[in-house]
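Beneath this line is the structure, given in structure tokens, with notes to follow.
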Amino acid sequence: MEESREITVNAGDIARLADVGRAAVSNWRRRHEDFPQPVGGTASSPLFSLSEVAAWLRHNGKSFEVSLGDLVWQRMRTSVDDLRLGELVGRIGAFLLFLHREPETWREHGVRCVPDRAAAATAGLPGRARPPADPALLRLAARLADERGPREAFEFLCARYVEARSRQLAVTRDDLAALMIRLTAGDGRTGAGTVLDPACGVGTLLLHAAAPLGQELNETSALITAVRLLLRGAPARIAAGDSLREDGLAGELADAVVCDPPFNERAWGHEELTGDPRWEYGMPPRGESELAWVQHCLSHVRPGGLVAILMPAAAAGRRPGKRIRGNLLRAGALRAVISLAPGGPDLWMLRRPDGSRPPSALLLVDAGEDLSVVEPAWRAYARDPEAEPSGAGRTVRIIDLLDDEVDLTPARHRPQQGPLDFVRDFGDTLDRFRAASAVLTEAPPPLEPLPERQELPATTVGELVKTGLVTLLAAPQRMATDSGPVPVLTADDVASGGPPSGGAPPDPALVMLRPGDVVATALGAVRVVTEPGAALGPQLTLYRVDPDRLDPGFLAGCLRSADTARAHPGSSRLDVRRTRVPMLPLAEQRRYGEAFRALTAMEDRLREAAALGETLIRLGFDGLVDGHLRPCDQGV
């Protein structure tokens with residue numbers, strides 16, 4: 001810890017590292033006179049010495065350990081102000097890329113080789129890619145690369161950076177990014193062909209592409225994106241600059257384009273770009289920058305290639321953009337408008353015309369936050385645009401959309417249900433809701449309040465691992481879960497209590513689940529496996545117990561406890577080795593385990609009742625407005 005003496009932390013950092021809320025840190029400062037005094041910062045945002053805080057926490061019996069990753073991150077935070085933090089992340093990334101490409105050079109020469117050899121090894125990166133001149137920071141980063149590998153080390157630092165700059169950085173959700181890549185791959189393969197993102201940010205969309213190409217206005221973000229992709233072995237080319245005003249990839253045609261552009265930008269270049277050849281479907285109005293991005297994306301995809309672009313929900317119906325929307329429909333360029341959540345964003349799917357006959361219908365999908373319905377609807381439409389898809393999607397004739405408004409909002413074109421269909425849906429949902437609600441009255445397990453808190457002797461998961469009662473397992477790195485015959489239990493499955501929904505190709509490295517295994521997500525959702533045959537998915541931790549000495553249901557309940565599961569927003573994972581486990585005889589463990597299982601079952605019933613209740617409410621509003629329902633004096 002010698003290199004941590006100059007490292008400072010703020011109250012939020014202390015809360016995250018100590019796994020407490022910020023209020024607890026304020027409490028410590030107010031109640032304990034020996035709490036370390038600030039060594040910098042301001043009165044409203046003081047900075048403390050990390051080594052002094054660590055010593056104080058340990059002296060006061062509070063579990064505290066700074067990981068190597070956090071040590072690197074806090075030294076970076078100490079080295080520069082927040083405005084230059086992204087630049088330092090990118091420059092550390094350049095250093096990690098050098099370690100990835102020339103590990104032997106670093107081992108042989110250490111920091112002496114950095115100024116020249118690292119610069120040569122990272123030539124061509126956008127922005128200021130030269131590694132920093134802080135030898136202690138470089139040594140710490142090199143240790144982190146040895147511990148996790150250069151790629152995972154940089155991903156850790158990127159995650160910390162995104163968290164620290166969450167108000168300034170707009171990052172596409174990872175599941176949505178993966179979906180957009182799959183939708184633009186004509187044959188359904190993830191990342192097939194060259195994929196361009198002209199507003200790539202820190203690279204979230206391009207991480208799922210096999211041959212990425214991108215441009216980003218912010219030079220620092222462009223550097224971070226380039227490093228992330230190159231550390232994955234992808235042949236990336238990332239340009240820095242304003243894609244609309246200074247197209248750094250002019251003339252490039254990709255197999256597919258994905259984009260999550262900035263919304264509601266008025267200073268996007270309306271005046272200077274008048275007459276630009278990209279405006280094939282009309283000059284975008286000043287307040288419709290998103291329609292400029294749509295046409296920019298179409299200009300960069302080969303004929304017949306697909307574009308997936310996120311749009312604000314209002315872009316489907318705003319009057320100033322109706323001419324361009326109409327032209328996109330007439331040319332057959334706009335193929336689908338998919339509502340991803342109430343209030344947006346929407347996902348527009350486009351195809352650059354190639355001379356073939358355009359479709360006569362547009363696909364409209366109201367996904368309602370359920371991304372799983374999007375891909376089947378799109379694949380069915382791509383096979384036959386004239387057929388009426390099943391499920392969440394429906395097709396609307398383009399000629400019926402070319403009215404005075406050209407409003408493409410999916411909710412506006414929701415099909416009207418017939419009376420019999422509506423009555424069946426409403427009645428079925430009402431019956432299921434009543435049945436689920438009735439069970440809840442008997443759901444709580446019999447728990448007896450104690451007049452005084454019972455002090456139970458306890459150990460930790462770390463100690464249980466040392467003694468062989470628990471074995472920790474994780475899925476192999478770079479594990480694919482979107483296709484294959486082997487069922488895969490995903491983090492979403494654990495959180496929802498559902499069956500395995502992923503699929504992976506056969507691989508000896510897969511961790512196959514056994515009945516009695518305890519599986520947990522990074523955010524504290526926990527399940528006990530009851531059926532064999534599925535593989536452990538990414539972002540999950542498996543606890544395999546010795547059933548003769550430890551009850552799996554008991555361990556699952558301890559992991560789920562609010563006192564032991566890390567739920568602080570700043571936390572990145574469950575710190576399994578610090579999890580507290582009461583020391584009880586096996587028979588007593590099983591009694592506790594049954595109570596924990598009853599609570600989990602109650603939670604599942606509550607979740608089911610809540611989902612049915614939401615559906616019932618929506619049907620009630622729709623039925624009253626559409627004329628399928630009317631108020632009555634007595635309950636239905």
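The values are calculated or read from the model by the stated rules, or taken from the named source; none is laboratory data. Computed from a predicted structure; not experimentally measured. Cβ placement follows ideal geometry from the backbone for every residue including glycine, while neighbour counts extend to all protein chains displayed.
Some notes on this structure:
- Taking the criterion of being within 33 Å of the chain's Cα centre (by Cα) and at negative phi, the residues of region 32-50 that qualify are Ser44, Ser45, Pro46, Leu47, Phe48, Ser49, Leu50.
- Residue within region 285-307 that is surrounded by fewer than 21 Cβ atoms within 10 Å (Cβ to Cβ), in the same structural domain as Arg245 (by TED's automatic domain parsing) and among the acidic types (Asp, Glu) present: no
- Filtered residues of region 252-298 (kept if in contact (Cβ under 8 Å) with a residue 24 or more places away in the chain, assigned to a loop (DSSP other than H, G, I, E, B) and among the aliphatic types (A, V, I, L, M)): Leu253, Leu273
- Lone unmet requirement of (1) in contact with a Leu (Cβ under 8 Å, 6 or more places away or on another chain); (2) farther than 22 Å from Ala142 by Cβ; (3) of a type in the set (Gly, Ala, Ser) for Ser79: (2)
- Leu510 being crowded, with 19+ Cβ neighbours inside 10 Å, in a loop (DSSP other than H, G, I, E, B) and not basic (Lys, Arg): yes
- Filtering Arg351, Arg325, Arg330 for residues that are touching a Lys or Arg at 6+ places or on another chain (Cβ under 7 Å) and among the basic types (Lys, Arg) leaves a single hit, Arg351.
- For region 447-466, the set of residues classified as free of Cβ contacts under 8 Å to residues at least 40 places away in the same chain and either exposed (fewer than 11 other Cβ atoms within 10 Å of the Cβ) or of a type in the set (Asp, Glu) (or both) consists of Glu448, Pro449, Leu450, Pro451, Glu452, Arg453, Gln454, Glu455, Glu463, listed by residue number.
- Filter result for the condition that a residue is closer than 15 Å to Val396 by Cβ and in the same structural domain as Asp403 (by TED's automatic domain parsing), over Ser356, Ser339: Ser339
- When we screen Leu47, Leu57, Leu68 for residues that are surrounded by fewer than 19 Cβ atoms within 10 Å (Cβ to Cβ), at pLDDT 85 or above and out of contact with any Ser or Thr (no Cβ under 7 Å at 6 or more places or on another chain), the only hit is Leu68.
- Region 237-246: number of residues that are touching a helix residue (DSSP H, G or I) at 6+ places or on another chain (Cβ under 9 Å), over 12 Å from Ala292 (Cβ atoms) and part of a loop (DSSP other than H, G, I, E, B): 1
- Among residues of region 360-381, those that are touching a Lys or Arg at 6+ places or on another chain (Cβ under 8 Å) and surrounded by fewer than 19 Cβ atoms within 10 Å (Cβ to Cβ), counted: 2
- Whichever residue in region 431-446 is exposed (fewer than 12 other Cβ atoms within 10 Å of the Cβ) and either within 33 Å of the chain's Cα centre (by Cα) or of a type in the set (D, E, K, R) (or both) and, among such residues, is modelled with the highest pLDDT: Asp431
- Filter result for the condition that a residue is without any contact (Cβ under 8 Å) to a residue 12 or more places away in the chain and assigned by TED's automatic domain parsing to the domain that holds Gly317, over Arg424, Arg383: Arg383
- Looking at Gly304, Gly355, Gly326, Gly343, just one residue is out of contact with any strand residue (DSSP E or B) (no Cβ under 6 Å at 6 or more places or on another chain) and assigned to a strand (DSSP E or B), and that residue is Gly304.
- Screening Arg335, Arg325 for residues that are charged (D, E, K, R), in contact (Cβ under 8 Å) with a residue 60 or more places away in the chain and under 30 Å from Ala170 (Cα atoms) leaves exactly one candidate, Arg325.
- Only residues that are within 35 Å of the chain's Cα centre (by Cα) and at pLDDT 75 or above were counted across region 105-117, and they come to 1.
- Within region 394-415, the set of residues being among the charged types (D, E, K, R), touching a residue at least 12 places away in the same chain (Cβ under 8 Å) and in a helix (DSSP H, G or I) comprises just one member, Arg412.
- Of all the listed residues (Ala556, Ala495), the sole one being modelled with pLDDT of 85 or more and either under 25 Å from the mean Cα position of the chain (by Cα) or outside any strand (DSSP E or B) (or both) is Ala556.
- Scope region 621-636; condition loosely packed, with under 15 Cβ neighbours inside 10 Å and part of a helix (DSSP H, G or I); matching residues: Phe621, Leu624, Val625, Asp626
- The single condition from (1) modelled with pLDDT of 85 or more; (2) farther than 23 Å from Gln539 by Cβ that Ala120 fails is (1).
- Residue in region 210-220 that is surrounded by fewer than 24 Cβ atoms within 10 Å (Cβ to Cβ), of a type in the set (Val, Ile, Thr), touching a helix residue (DSSP H, G or I) at 6+ places or on another chain (Cβ under 8 Å) and within 26 Å of Arg165 (Cα to Cα) present: yes
- Every residue from region 582-598 that is hydrophobic (A, V, I, L, M, F, W, C) and out of contact with any Phe, Trp or Tyr (no Cβ under 8 Å at 6 or more places or on another chain): Met583, Leu586, Ala587, Ala595, Ala598
- Taking the criterion of being modelled with pLDDT of 90 or more and acidic (Asp, Glu), the only residue of region 559-590 that qualifies is Glu588.
- Qualifying residue in region 151-166 (condition: part of a loop (DSSP other than H, G, I, E, B), of a type outside the set (Lys, Arg) and in contact (Cβ under 8 Å) with a residue 24 or more places away in the chain): no
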